[in-house]
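Asker: Quick one: structure below, then a few questions.
The values are calculated or read from the model by the stated rules, or taken from the named source; none is laboratory data. The shown structure was predicted, so the numbers you read here are calculated from the model rather than taken from an experiment. Note that each Cβ is placed from the backbone with ideal geometry, even for glycine, and that neighbours are counted across all protein chains shown.
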Amino acid sequence: MEGDRLESAVTIKNIERELICPACKELFTHPLILPCQHSICHKCVKEILYFTLEDSFNDAASETSNQSSPRNRMHSPSLDRIDRVNRSASQRRSLGCRGWKRNSLTPKTTTFPCPGCRHDIDLGERGINGLFRNFTLETIVERYRQAARAATAIMCDLCKPPPQESTKSCMDCSASYCNECFKIHHPWGTVKAQHEYVGPTTNFRPKILMCPEHEMERVNMYCEICRRPVCHLCKLGGSHANHRVTTMSSAYKTLKEKLSKDINYLISKESQVKSQITELGLLMKEAEHNGERAKEEASHSFDKLFDVLEERRATALRAIEASKNLRLEKLHSQIEEYQGLLENNGLVGYAQEVLKETDQSCFVQTAKQLHERIQKATESLKSFRPAAQASFEDFVLDIAKPQEALGDMSFLSSGVDMPEINEEQSKMYNKALICWDHPQKAGSADTYILEYRKLNREDANPAWQETEVFGKSEIISDLDTNSSYAFRVRGYKGSICSPWSREVILHTPPAPVFSFLFDDKCGYNSEHLMLNARRNAVESRAGFPLLLGAERIQAGCYTTLDYVVGDTGIVKGKHFWALRVEPYSYLVKVGVASDAKIQEWFQNSRDLTSPRYEQDSGHDSGSEDIFVESLQPFTLVTLGMKKFFIPKVSPAPAASKDSMNRILPMPSCIGICLDYDKGKVGFYDADRMKCLYERQVDCSGKMYPAFALMGSAGIHLEETIAAKYLKYEDEDM
């Protein structure tokens with residue numbers, strides 16, 4: 001019923017694009033599942049690897065010889081298909097990815113360029129032989145092909161001519177039958193009557209998943225760590241020996257329920273998706289209309305600028321023309337004046353004749369007027385100065401600033417820079433501390449609006465909650481545990497606001513935060529462990545007595561684990577706390593322990609703190625026979641040398657490869673979650689709130705946070721978020 005409903009909601013034609021190989025762009029043929037969970041045709045995998053190896057041989061040959069040989073391309077009847085696959089391989093090479101090592105003339109493929117995600121995928125030592133066939137996808141493709149060729153019937157393989165239309169196909173016989181032939185060749189009460197049959201088909205590939213590592217074994221279990229099917233030999237002594245596995249039926253039921261739930265969720269949101277598509281269509285039309293309008297407004301703005309420039313140009317030219325005419329007029333008048341001086345040559349001759357006059361009275365009468373004219377001409381020659389200058393330096397336009405302004409001309413801005421949430425300073429613990437800043441000091445805002453919302457699957461578009469902030473940080477309380485929240489902020493300067501910042505997603509702890517300090521009265525070794533005054537940090541040191549006795553020890557010094565516990569116990573409920581281990585720490589163990597176990601540790605510290613006999617954490621400490629026993633009243637995990645060690649879960653001998661799988665990079669902040677009622681403890685990467693390891697623990701009595709240190713080491717308890725984190729003043733002011 002459920003399958004029919006889903007099939008009616010999504011027809012086979014609507015999923016065609018999901019059935020296309022990303023390499024050859026055709027329907028899948030014998031698809032394989034890559035480690036990245038993308039599928040690709042078996043033939044396409046071989047062809048892409050062929051081109052990769054072909055390129056590697058050409059590159060290797062070019063390194064040993066200056067002569068190049070033509071490429072021998074693979075012959076195939078489908079040249080278009082080869083070209084598409086070749087382009088897929090070329091895209092990989094253009095990204096600079098390497099699928100083999102260039103240290104020999106016979107390169108070995110170690111990675112495969114997935115055409116779906118464009119990443120290099122590690123195929124492992126077995127290469128394509130280690131890939132599973134995607135039978136489910138193969139079956140769906142076959143159903144699609146049958147729907148596409150519904151008009152062409154599949155005929156019975158055993159009918160006498162003319163054959164009848166087949167009604168079913170036997171997967172064991174690899175043949176199609178009509179009803180009569182099927183009854184004849186599969187008589188009741190025989191072995192053939194038990195054969196598996198399906199509707200008419202031409203695909204008779206056996207639907208059996210065999211283990212890639214053990215080719216003769218069928219997969220019958222599911223590894224929850226690697227998320228892939230495995231066989232019983234993989235669990236007994238293979239690479240999945242210490243992994244958590246479940247039965248195939250249980251994994252089938254769980255995954256089918258999850259997938260069905262997700263599909264039902266998507267189908268239930270069909271109307272919402274359609275409305276969102278309609279909304280996006282309207283936005284496209286609005287964007288197109290507004291874009292054309294913006295182009296018109298920009299063109300109009302430039303026209304205004306052109307008009308202003310044209311007006312200023314005409315004014316400047318008129319001023320220059322008027323100045324030029326005035327100067328020419330003055331110079332022309334001065335020229336005429338000096339031309340009059342040339343006419344005074346007759347005056348000089350006349351004066352010379354007057355000088356010949358001997359009658360004094362007659363001379364004086366004539367010479368006085370003549371002398372005034374001669375004196376005026378003499379003064380003009382002594383004080384020659386042009387009436388106007390030829391230079392127009394005063395009329396050179398200063399366009400530097402306007403040119404710079406035009407060059408800096410841009411679209412209108414809100415005047416407030418977009419703030420950016422500082423993910424390094426922001427943190428999530430008992431509360432959420434959100435910090436932000438501005439890229440530029442000049443564009444800072446007066447106030448801010450911080451919005452946040454809880455992300456969940458039930459509500460596709462949850463409402464934002466907002467709070468007004470006058471500084472650059474804010475503390476948000478009353479958040480749900482084990483949830484994800486999105487945060488964003490925008491600035492306001494008067495009535496002007498900035499765009500929203502990029503959304504930042506933070507995860508709340510899986511349980512309420514448990515507050516405690518280190519117990520300075522628990523009986524810890526004060527010679528080796530040193531607590532700070534606030535009792536929220538502990539540091540390990542060798543101690544003075546060990547230094548005094550070192551000169552008597554010829555074979556080296558021996559040190560033990562030193563324990564310290566929290567000052568508050570847990571008797572019910574679910575609690576979470578976090579801590580930071582110093583990167584230089586040699587060996588640190590963290591976890592939980594019952595009050596009885598803690599008392600036993602401190603009373604028998606010499607025997608039970610030896611690293612050879614310490615079995616509390618499950619850390620092998622160099623011994624392969626040490627593993628985690630179930631339902632112990634304590635659980636400790638080992639950290640040290642910037643590594644996080646996942647404890648063993650079985651006493652079976654493990655390969656070196658599996659030992660490396662249990663070693664993870666040490667998170668900067670480690671979280672511990674104790675569910676007292678369910679008797680379960682989990683260890684988290686507290687920065688991402690991701691569970692790294694979880695196991696059962698016997699919660700008999702009061703449980704305490706427990707810690708052990710060896711060698712040089714340090715632990716800091718994570719401080720709860722309080723109002724002291726807020727910064728209301730700008731430090732740069």
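Asker: Using the structure shown, decide if TYR222 is aromatic (Phe, Trp, Tyr) and in contact with a Pro (Cβ under 9 Å, 6 or more places away or on another chain).
Answerer: yes
Asker: Of the residues SER299, SER239, only one is on the phi < 0 side of the Ramachandran plot and outside any helix (DSSP H, G or I); which?
Answerer: On inspection, the qualifying residue turns out to be SER239.
Asker: Given the criteria closer than 30 Å to GLN403 by Cα, modelled with pLDDT of 80 or more and surrounded by 12 or more Cβ atoms within 10 Å (Cβ to Cβ), does SER299 qualify? Reasoning before the result, please.
Answerer: Values: closer than 30 Å to GLN403 by Cα: yes; modelled with pLDDT of 80 or more: yes; surrounded by 12 or more Cβ atoms within 10 Å (Cβ to Cβ): no.
No; evaluated as a whole, the condition is false for this residue.
Asker: If you scan the range 686-707, which residues turn out to be under 16 Å from MET666 (Cβ atoms), in a strand (DSSP E or B) and not charged (D, E, K, R)?
Answerer: CYS691, LEU692, TYR693, PHE707
Asker: So, in the range 452-494, of the ones that are free of Cβ contacts under 8 Å to residues at least 40 places away in the same chain and buried (at least 17 other Cβ atoms within 10 Å of the Cβ), which residue ends up farthest from SER268 (Cα to Cα)?
Answerer: Filtering the range 452-494 for residues that are free of Cβ contacts under 8 Å to residues at least 40 places away in the same chain and buried (at least 17 other Cβ atoms within 10 Å of the Cβ), the one farthest from SER268 (Cα to Cα) comes out as VAL469.
Asker: Among the candidates CYS24, CYS44, single out the residue that is at pLDDT 85 or above, in the same structural domain as THR111 (by TED's automatic domain parsing) and assigned to a helix (DSSP H, G or I).
Answerer: Answer to the check: CYS44.
Asker: Can you tell me which residue is modelled with the highest pLDDT among those in the range 696-733 that are surrounded by fewer than 21 Cβ atoms within 10 Å (Cβ to Cβ) and of a type in the set (Ser, Thr, Tyr)?
Answerer: Per the stated criteria, the residue is THR720.
Asker: Does the range 220-246 hold any residues that are over 15 Å from ARG126 (Cβ atoms), surrounded by 15 or more Cβ atoms within 10 Å (Cβ to Cβ) and touching a Phe, Trp or Tyr at 6+ places or on another chain (Cβ under 9 Å), and which are they?
Answerer: Scanning the range 220-246 gives TYR222, PRO229, ASN242, VAL245.
Asker: Tell me whether the range 173-195 contains one or more residues that are among the charged types (D, E, K, R), out of contact with any Cys (no Cβ under 7 Å at 6 or more places or on another chain) and in a loop (DSSP other than H, G, I, E, B).
Answerer: No, that holds for no residue.
Asker: Would you confirm, using the coordinates I've provided, whether ASN203 is in contact (Cβ under 8 Å) with a residue 60 or more places away in the chain, closer than 17 Å to ILE33 by Cβ and among the polar types (S, T, N, Q)?
Answerer: On the way: in contact (Cβ under 8 Å) with a residue 60 or more places away in the chain: yes; closer than 17 Å to ILE33 by Cβ: no; among the polar types (S, T, N, Q): yes.
Taking the combined requirement at face value, the residue does not satisfy it.
Asker: Return the residue satisfying two criteria in turn: it lies in the range 622-654 and is within 16 Å of VAL588 (Cβ to Cβ) and assigned to a loop (DSSP other than H, G, I, E, B), and of such residues it is modelled with the lowest pLDDT. Reasoning before the result, please.
Answerer: Of the range 622-654, the ones within 16 Å of VAL588 (Cβ to Cβ) are 634-647.
Retained after the next criterion (residues that are assigned to a loop (DSSP other than H, G, I, E, B)): 641-642, 646-647.
Numbers: MET641: 90, LYS642: 91, ILE646: 88, PRO647: 84.
Going through the qualifying residues, I end up with PRO647.
Asker: So which of HIS243, HIS300, HIS232 ends up being farther than 23 Å from LEU34 by Cβ and touching an Asp or Glu at 6+ places or on another chain (Cβ under 8 Å)?
Answerer: Working: HIS243 fails: farther than 23 Å from LEU34 by Cβ; HIS300 fails: touching an Asp or Glu at 6+ places or on another chain (Cβ under 8 Å).
One residue alone meets the criteria, HIS232.
Asker: Additional query: If I filter the range 471-483 for residues that are over 28 Å from the mean Cα position of the chain (by Cα) and assigned to a strand (DSSP E or B), do I get at least one hit?
Answerer: no
Asker: Which of the residues spanning the range 493-520 are at pLDDT below 90 and more than 27 Å from the chain's Cα centre (by Cα)?
Answerer: Answer for the range 493-520, where residues must be at pLDDT below 90 and more than 27 Å from the chain's Cα centre (by Cα): LYS493, GLY494, SER495, ILE496, CYS497.
Asker: Hey, another quick one. Quick check on the range 280-291. Is at least one of its residues touching a residue at least 24 places away in the same chain (Cβ under 8 Å), surrounded by 10 or more Cβ atoms within 10 Å (Cβ to Cβ) and not basic (Lys, Arg)? Steps first, please.
Answerer: Taking the range 280-291 and keeping what is touching a residue at least 24 places away in the same chain (Cβ under 8 Å), we get none.
For the range 280-291, residues touching a residue at least 24 places away in the same chain (Cβ under 8 Å), surrounded by 10 or more Cβ atoms within 10 Å (Cβ to Cβ) and not basic (Lys, Arg): absent.
Asker: While we're on this one: Return a yes/no flag: does the range 157-177 have any residue that is more than 25 Å from HIS42 (Cα to Cα), modelled with pLDDT of 85 or more and among the aromatic types (Phe, Trp, Tyr).
Answerer: The answer is yes; a qualifying residue exists.
Asker: Now, a different point. Does SER249 satisfy being over 28 Å from the mean Cα position of the chain (by Cα), exposed (fewer than 15 other Cβ atoms within 10 Å of the Cβ) and within 30 Å of GLU125 (Cα to Cα)?
Answerer: yes
Asker: Quick one: in the range 326-348, which of the residues that are of a type outside the set (D, E, K, R) and loosely packed, with under 10 Cβ neighbours inside 10 Å is modelled with the highest pLDDT?
Answerer: By that ranking, first place goes to GLN339.
Asker: Kindly establish whether ILE140 is modelled with pLDDT under 80, in a helix (DSSP H, G or I) and not acidic (Asp, Glu).
Answerer: no
Asker: What is the residue count in the range 495-510 for residues that are outside any strand (DSSP E or B) and either under 23 Å from ILE672 (Cβ atoms) or touching a residue at least 24 places away in the same chain (Cβ under 8 Å) (or both)?
Answerer: Selection size over the range 495-510: 8.
Asker: Looking at (1) part of a helix (DSSP H, G or I); (2) in contact with a Lys or Arg (Cβ under 7 Å, 6 or more places away or on another chain), find the lone condition where LYS304 falls short.
Answerer: (2)
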